[in-house]
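What follows is a set of notes on a single structure, which appears directly below.
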Amino acid sequence: MIDDEAGAQRRAALRVLLVKPLLIAGVDDEALRLVRRHVVELREWLAAETGWRLAVDAESARLFKTVPDGGGDGTRPARDGRGRSAFGRRRYVLLCLALSVLERADAQITLGRLAEGVLVAASEPELADAGVVFTLSRRDERSDLVAVVRLLLGLGVVERVAGDEDAYLSDTGDVLYDVRRRVLATLLAGARGPSTIDAPDHDQRLRELTDEPVPDTDDLRNRALRHRLTRRLLDDPVVYYDDLTEDERAYLVGQRHAITRRIEEASGLVAEMRAEGIAMVDPDDELTDVRMPEQRTDGHVTLLVAEYLASQVDAPVQVDRLRAHVRRMAKEHENYWRRGVTEPGADAELLAIALDKLRALRLVADIPGEQPSVLARPAIARYAMQAPTIRTGPAQRRSTRKADRR
């Protein structure tokens, strides 16, 4: 019974880290205590199965997760702490500039002083050549900076001491923050330091930031394959064989039962294996940031779009055709959805939200071109609708036979 309880606690600790790789004292105290209690076992398992590093100190616990594609997955953007709007290029640049200012700042900083530092850092000619210019004189630019700060507040990099960001937005006040340097130092999760990279191309620099050494023996190559595949199974909603390299596919086909068993034992996830790939399913519905189905208008639209695409799995479906389908559904469900769903342009917004969720869940793939299309992926079949099967009882069958005779 003691072993069972310890195993359950270790699974809970790993699940917490998978959901939130950065735990902060004062915010995540209970989860932090749980991770500290099992830190030795967690480090051993993560090192053996994923190659991820776990750092734990008095102030935080940080799981340094690395992504398999050099950060090219656009379905997991940073989001504003309040509006949950996804970060775009401008906000990402502001985030990097703000972090560089905080790295050199004192123990406390105001939002106004942070903005001044960002403007100085943004004056570099390389940014101007790339078309990135900040003045922070307009409200929308200040809103972008506030979104960055609220993200840093959520991560625990800064802690609000006095004031409110809305006062800064309206130009009526300022905000004072404590800078938590030990948390700030753990944010970057690259495999090597940025200062050691001299590639001139931006995409190449990103790839080199997360590239790992190439194994030179069969044992090391197999271990690297196991790490990459376990990471994908833990992080991705579904792993398709067609998305893997030839050596990854061969290794996963041969070792899928061993790999998924170890993941199941460590995390409580359940493997769902199909001819097209593998998904690690969470029975408790905790280890996901995109849920389906969901309630309300956007969730219902997404489900209806998935149902429609599930019946069109043999060929791509043009985006214009999907928009027409959403317009029809909006008229049919107008009384139950939010206001304005039948207004001009609303169908494009509803479809964009639905497709973003379906992409994040690996249920659809985009096909660019003069007429952009969407291709349904195999896992979307679970949302297909079938005609109901009606079974009749003995009494009903006798009644039916009598009616037939008559």
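None of the figures in this text is laboratory data; all of them are computed from the coordinates on show. Model, not experiment: these values are computed from the prediction. Positions of Cβ are generated from backbone atoms using ideal geometry, with glycine treated the same way; all protein chains shown enter the neighbour counts.
A few comments on the model shown:
- Those trypsin sites (Lys or Arg not before Pro) in region 181-282 that DSSP places in a loop and that have at most 16 other beta carbons within 10 Å: R192, R274
- Most mobile listed residue (I390, I24, I367) in the chain, GNM with C-alpha springs under 10 Å: I390
- Eligible aspartates and glutamates near K357 by straight Cα distance, threshold 12 Å, same-chain separation 8 or greater: D289, E294, D298
- Unit charges on C-beta of K, R, D, E only; dipole of region 2-64, Debye: 200
- Sequence-distant contacts, meaning Cα pairs under 8 Å at least 6 residues apart, place the relative contact order of the chain at 13 percent.
- Compared with the dominant principal axis of the Cα atoms in the chain, helix 89-104 is inclined by about 40°.
- Between the C-alpha center of region 307-327 and that of region 93-122 there is a gap of 46 Å.
- With the simple spin-label model, which puts each label point 7 Å out from Cα in the Cβ direction, the I353 to E5 separation comes to 4.6 nm.
- Positive minus negative residues near L184 (Lys, Arg vs Asp, Glu; Cβ under 14 Å): -1
- A Gaussian network model of the chain, with springs between Cα atoms under 10 Å, assigns the largest mean-square fluctuation among L63, L111, L54 to L111.
- Between A275, A376, A266, the Gaussian network model of the chain with springs among Cα atoms under 10 angstrom shows the greatest mean-square fluctuation at A275.
- Listed by chain and number, the aspartates and glutamates whose C-alpha is less than 12 Å from the C-alpha of K331, apart from same-chain residues fewer than 8 away, are E343, D347.
- 0 to 90° range, to nearest 10: angle between helix 246-267 axis and the chain longest Cα axis: 80
- Ratio Rg/Rh, restricted to region 2-64 and using Cα atoms, in which Rh is the Kirkwood radius: 0.94
- Region 181-285: GluC sites (Glu not before Pro) in DSSP loop, at most 16 other beta carbons within 10 Å: E276
- For region 248-363, the alpha-carbon coordinates run over 53, 31, 17 Å along the three principal axes, in decreasing order.
- Model label points for R89 and L176, set 7 angstrom from Cα along the Cα-to-Cβ axis, are 3.9 nm apart.
- The local environment of S373, defined by Cβ-Cβ distances under 11 Å, has a net charge of -2 under the rule Lys, Arg +1 and Asp, Glu -1.
- A simple charge model with +1 on the Cβ of Lys and Arg, -1 on the Cβ of Asp and Glu and nothing else charged puts the dipole of the chain at about 2100 debye relative to its Cα centre.
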